[in-house]
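Taking it in order: structure first as structure tokens, then the write-up.
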Amino acid sequence: MHNVRSEVLKRIWDAYHVNGIDLPFPQRDLHLKAGEALPVKLIDAS
């Protein structure tokens, strides 16, 4: 059963690739609670 499922999913994945269909990566949002300011250190890139 696992071999059949794996083969089906692989063929779907290959069909997506052949037809130029990309799956987006999951989006993660970071929410910071209000509080003290974070220290910032500037570095001269030159």
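Each value in this text was obtained by applying a stated rule to the coordinates, not by laboratory testing. Just so it is clear, the structure is predicted and the values come from calculations on it, not from any experiment. For neighbour counting, all protein chains shown are included, and Cβ atoms are generated from backbone atoms with ideal geometry for every residue, glycine included.
What to note about this one:
- Helix 2-18 axis versus longest C-alpha principal axis of the chain: approximately 70°, rounded to the nearest ten.
- Dividing the helix sum by the residues of the chain, where each DSSP H run of 4 or more adds -39500 (n - 2.57), gives a mean residue ellipticity at 222 nm of -12500 deg cm²/dmol.
- Peptides ranked, highest mean first, by Cβ atoms within 10 Å: ranges 19-29, 5-15: 5-15, 19-29
- Histogrammed with a bin width of 5 Å, the alpha carbon distances of the chain distribute as 4, 13, 9, 11, 10, 9, 8, 6, 8, 12, 7, 2 percent, first bin at zero.
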